[in-house]
Amino acid sequence: PQPQVQPDPTKKTLVVLGTGWGSVSLLKKLDTENYNVVVISPRNYFLFTPLLPSCTTGLIEHRSIMEPVRSIFQHRKAAVKFYEAEASSVDPDRKVVIITDNSEIQGDTSQTEIPYDMLVVGVGAENATFGIPGVRENSCFLKEIGDAQLIRKKIMDCVETAAFKGQTEEEIKRLLHMVVVGGGPTGVEFAGELQDFFEQDIKRLVPEIADRCKVTLIEALPNVLPSFSRQLIEYTENTFKEEKIDVLTKTMVKNVSDKTVEAVATRPDGTKETITIPYGLLVWATGNAVRPIVKDLISKIAAQKDSRRGLAVNEYLVVQGTRDIWAVGDCAVAGYAPTAQVAAQEGNFLARLFNNMAKTEALEARIHELSSSLNLKPGTNSADAAREIEECERKLRRIKDIKPFHYTHQGSLAYIGSEKAVADVSWWNGNIASHGSMTYLFWRSAYLSMCFSTRNRLLVSIDWLKSKMFGRDISRE
Ligand code: FAD
Ligand code: UQ2
């Protein structure tokens with residue numbers, strides 16, 4: 001049977017903003033027949049961000065880690081509406097979202113209003129630049145597919161330009177100097193992948209310049225991977241030393257031009273020194289900033305006046321100061337780190353909550369119906385009706401007793417290059433720290449198992465095999 005396409009007036013309209021970790025985890029587990037579900041996102045696919053660093057060197061092809069959202073909805077009993085658009089503002093009083101189609105091709109309408117009964121905000125975050133001059137103009141971010149494609153292209157452009165006849169030695173060194181700012185998992189994984197690329201492919205294919213390739217990681221804090229245990233931080237820093245990746249810790253970038261990074265380094269004796277670093281490619285991976293749509297919503301809710309880092313939510317992920325808006329993932333402030341692991345658990349929680357709310361309403365309606373029939377014509381069926389009411393009430397009590405959201409940290413993983421990884425895995429009450437080549441195999445299988453679909457798992461496996469057999473594809477497209 002065809003799924004129902006027209007909205008059902010007896011059901012509430014649930015509008016979900018975003019198609020990232022939080023929103024898609026919710027949609028995957030939601031019984032969509034309970035609501036008129038409308039999904040709004042400028043991106044018509046889910047992106048498996050943990051493998052994005054591998055796309056920058058062509059180890060993995062970008063389409064292998066994307067899953068179209070329309071194929072997620074195709075086998076649902078009830079149709080889910082998807083609009084490829086950006087939510088540009090929310091009016092919590094009128095309960096509408098204003099959406100804009102900002103894509104290249106537009107029809108005769110590109111802005112409209114979507115009314116909601118319930119709204120889930122899962123729009124993620126933007127890249128933070130801390131207002132440092134020149135960052136937005138000169139560096140690459142690493143958050144979306146387009147970013148990874150741009151980096152892949154630029155790496156090869158730097159290599160080919162460095163190999164150009166008659167290039168001066170100084171210019172070759174600058175072009176082949178790849179600077180990564182931010183020592184979190186994203187920066188570390190990218191630096192590791194990049195060094196692998198130079199070692200495994202550029203050395204073989206462009207040997208004349210390969211010895212000048214250099215990766216430098218800049219971090220403002222005293223060490224990289226601040227969320228990992230001491231032992232793994234040291235292991236990572238030592239591995240980077242062996243791989244010849246320079247790590248500049250306690251170094252703050254102050255200014256960026258098209259060819260240089262200016263930074264202030266704090267020396268072990270506490271003195272400060274300004275250094276100028278010439279680069280060919282600069283990748284900026286320093287964390288999150290609040291999106292305009294979230295700022296807009298914050299400004300419209302009195303209870304959010306002190307929110308700076310996102311939408312403050314309560315223990316049921318309800319946006320404080322509202323009754324019918326929830327927030328998940330990087331745009332929500334619930335006291336957890338901005339990770340996929342948190343966003344996914346929050347999305348799963350909301351799916352359970354909404355499925356329960358629908359069941360509760362159905363049971364309450366049934367109780368109401370039965371008791372009014374009892375009052376109208378008491379008679380032969382009254383014992384049955386009374387029994388069913390009791391049954392419904394018992395179910396209701398069980399369902400209504402939904403516990404607040406509680407995050408369970410399962411662990412942290414990061415690839416650090418040269419077929420080594422680090423892992424902090426939570427195990428009952430303890431923590432297991434492991435590193436090295438076996439951990440790399442664990443990293444690979446864990447990421448494979450967390451991929452969105454079997455299709456993605458197959459594509460990623462084929463990419464790994466392809467790169468193993470033939471090396472990475474260095475065509476610059
Ligand atoms: P996102 O997944 O970013 O999704 C946001 C969605 O909202 C997107 O679909 C976007 O298009 C959409 N959107 C944006 N603006 C609007 C708008 N105005 N209206 C409607 N929709 C909008 N975390 C881990 O736990 N483990 C890892 O290994 C890991 N690796 C990472 C590697 C990289 C390179 C990056 C960038 C992040 C990594 N993370 C990792 C972090 C993780 O990806 C984020 O925490 C996670 O994506 C947050 O989920 P989210 O749903 O809040 O946002
Ligand atoms: C993670 C991540 C998630 C997760 C988990 C991890 C991509 C969806 C659990 C961490 C993985 C660990 C510790 C290995 C355990 C393996 C499995 C398959 C549970 O990194 O981000 O987001 O859920």
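The values are calculated or read from the model by the stated rules, or taken from the named source; none is laboratory data. Since the model is a prediction, treat every value here as computed from it, not as a measurement. As a convention, Cβ positions derive from the backbone with ideal geometry for all residues, glycine included, and neighbour counts pool all protein chains shown.
Every condition in (1) of a type in the set (D, E, K, R); (2) assigned to a helix (DSSP H, G or I); (3) under 35 Å from the mean Cα position of the chain (by Cα) is met by GLU390 except one, and the failing one is (3). Would you say LYS400 is closer than 30 Å to LEU194 by Cα, touching a Ser or Thr at 6+ places or on another chain (Cβ under 8 Å) and basic (Lys, Arg)? No; evaluated as a whole, the condition is false for this residue.
Residues considered: VAL333, VAL342. Of these, the only one that is assigned by TED's automatic domain parsing to the domain that holds GLY20, free of Cβ contacts under 8 Å to residues at least 40 places away in the same chain and within 12 Å of ligand 1 (Cβ to nearest atom) is VAL333.
When you look at SER103, is it assigned to a loop (DSSP other than H, G, I, E, B), of a type outside the set (A, V, I, L, M) and away from ligand 2 (no atom under 16 Å from the Cβ), yes or no? When the stated conditions are applied, SER103 passes them.
Residue check: LEU142 meets all listed conditions (1) in contact with a Ser or Thr (Cβ under 8 Å, 6 or more places away or on another chain); (2) surrounded by fewer than 17 Cβ atoms within 10 Å (Cβ to Cβ) but one, namely (2).
Of the strands (runs of 3 or more DSSP E) entirely within the range 1-83, those holding at least 1 residues that are over 18 Å from the mean Cα position of the chain (by Cα) and of a type in the set (Val, Ile, Thr) occupy 12-17, 35-41.
Condition test on GLY166, is it outside the structural domain of TYR83 (by TED's automatic domain parsing) and small (Gly, Ala, Ser)? It is true that GLY166 is outside the structural domain of TYR83 (by TED's automatic domain parsing) and small (Gly, Ala, Ser). For beta carbons closer than 7 Å, sequence separation of 6+ or different chains, a first residue in the range 426-445 that is surrounded by fewer than 12 Cβ atoms within 10 Å (Cβ to Cβ) and a second that is not hydrophobic (A, V, I, L, M, F, W, C), the qualifying pairs are SER437/GLU419; SER437/LYS420. Taken over the range 7-26, residues that are more than 12 Å from ligand 2 (Cβ to nearest atom) and surrounded by 24 or more Cβ atoms within 10 Å (Cβ to Cβ) amount to 8.
Considering the range 402-453, the qualifying strands (runs of 3 or more DSSP E), each wholly inside and each with 1 or more residues that are closer than 18 Å to GLN341 by Cβ and within 14 Å of ligand 1 (Cβ to nearest atom), run over 411-417, 420-427.
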